[in-house]
Amino acid sequence: MQYIVTGGKRLEGKIRASGNKNSVFPCVAAALLTNEEVILENISNLRDTKVLIQILEKLGTKVNWDGSTLKLQTNQISHTTLPQDLMGKLRGSMVLVGAILARMGKVHFYHPGGDIIGQRSIETHLECFKNLGVSLKRDDIEFNLSFPDERNNGDCVIFLSESSVTACENIILAASLGKKKVIVKNCPKEPHILDLCKMLVQMGAKIDGIGGDTLEIQGVEKLSGTKFKIGIDYIEIGTYAVAAAITGGEVTIENLDSTDLDPVLEPLKRFGISVDLNGDKVTFSAERLKAIPKITTNIWPGFPTDLMSAAIVLATQCKGVTLCHDWMYESRMFFIDKLISMGANVTLADPHRVFVYGPDRLKGRNLETPDIRAGMALVLAGLIARGKSVINQAELIERGYEDVVGKLKSLGADIERVE
């Protein structure tokens, strides 16, 4: 699939915020913890969501997906093996492991796939499971986890040596059923962790310390069904903020909720982006963009790693030099050769840092999409490039961004989707 983008159009108008892609995985996994119906609202129509649903259907879940509402009911999990072919497409499928383990006492799975932005080990997950008293057997990329016949019901304290979001989600899911009290320290605080905890509490889970560094989870015998609304996609919001600024436009995003957007908006303001937050909507524009000395990703509430690629494109349009530093993923920066081919003045300092010298007038090019976030960054670059840009492997972008072409066209962009 290709996106064909002709640059030079000013973006203007209104769009609705999509649901948080990264909340979908753990919240869908939580639905496996009960035999009652779970209704999830504000679900984004993404390729990754479709793969996740295919996995659930293979596990025996009844699925009804109507618009942005997803209804799930798992009367019983038909088997405890996660399909290798589908896990290979979706890193987020890893959170299903904790849920199946909690409900069935065992799970068989394979190393998950996903983006190739760096070495994304599951060792933190495995160590956490072992700390829960789970037996582990592994053979290359194949894993078997199981609780002993008589589970240890004493307290368990787990310190996350790496503040891994998905590992934390897995432990929360695995610990929600049973009699054990599990204390998790050094917890990440991303909005999708909060979504998962709030949903589980609605289902009857006992979780204290939500939003803090330490969670205390007292397992319960049974969880019930619930209706829960997924939070907004703050990565999408930051991306369209950049799109508005670099095209000299004005874009309003509606359907906001209580999600804290400061970690996204405050760094963007430093570049000269105007942010008008008014109730459930926010408007972005920029009169004059300016370089900042340095922008660094961090765990929440730091600047999100998933926005770094877009921030690099933003920096190409700012007067001065910006150091962009992402210490999390060693391949995050390896799409800059494509920006350089478009005329950007970017220097790779090492796998985690680039210097961006701006402003630069970009030219349209034929480009390959390396991963979800870099692919969307290339779309942003295409919006301001002279001439036509062809973004190949655009299906990767649609794994993480809902209705990219439809939303951009509604804002005035010249973009087409070609199968």
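Quick look at the numbers
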{"item": "Cβ-Cβ under 6 Å pairs, at least 6 apart or on other chains, region 281-297 side closer than 27 Å to PRO351 by Cβ and assigned by TED's automatic domain parsing to the domain that holds VAL321, far side among the hydroxyl-bearing types (Ser, Thr, Tyr) and crowded, with 18+ Cβ neighbours inside 10 Å", "result": "ALA291/THR322; ILE292/THR322; THR297/THR305"}
{"item": "Residue in region 134-154 that is within 21 Å of LEU52 (Cα to Cα), among the basic types (Lys, Arg) and outside the structural domain of THR305 (by TED's automatic domain parsing) present", "result": "no"}
{"item": "Strands (runs of 3 or more DSSP E) completely within region 36-78 that count 1 or more residues being of a type in the set (S, T, N, Q)", "result": "62-66, 69-73"}
{"item": "Of residues in region 292-312 being outside any loop (DSSP other than H, G, I, E, B) and hydrophobic (A, V, I, L, M, F, W, C), the one nearest to PRO359 (Cα to Cα)", "result": "ILE312"}
{"item": "Any chance VAL201 is aliphatic (A, V, I, L, M) and either more than 20 Å from LEU126 (Cβ to Cβ) or in the same structural domain as THR305 (by TED's automatic domain parsing) (or both)", "result": "yes"}
{"item": "Any chance VAL5 is within 30 Å of ILE384 (Cα to Cα), among the hydrophobic types (A, V, I, L, M, F, W, C) and buried (at least 16 other Cβ atoms within 10 Å of the Cβ)", "result": "yes"}
{"item": "Residue in region 81-96 that is outside any helix (DSSP H, G or I) and β-branched (Val, Ile, Thr) present", "result": "yes"}
{"item": "Meets criteria (at pLDDT below 95, in contact with a Phe, Trp or Tyr (Cβ under 9 Å, 6 or more places away or on another chain) and within 22 Å of LEU196 (Cβ to Cβ)) for LEU132", "result": "yes"}
{"item": "Exclusive hit being under 15 Å from LEU314 (Cβ atoms), in contact (Cβ under 8 Å) with a residue 24 or more places away in the chain and in contact with a strand residue (DSSP E or B) (Cβ under 6 Å, 6 or more places away or on another chain), set VAL390, VAL418, VAL354", "result": "VAL354"}
{"item": "LEU72, sole failed condition from (1) buried (at least 17 other Cβ atoms within 10 Å of the Cβ); (2) on the phi > 0 side of the Ramachandran plot; (3) of a type outside the set (S, T, N, Q)", "result": "(2)"}
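The values are calculated or read from the model by the stated rules, or taken from the named source; none is laboratory data. Keep in mind it's a predicted model, so treat the numbers as computed, not measured. Note that we place each Cβ from the backbone using ideal geometry, even for glycine, and neighbour counts take in every protein chain shown.
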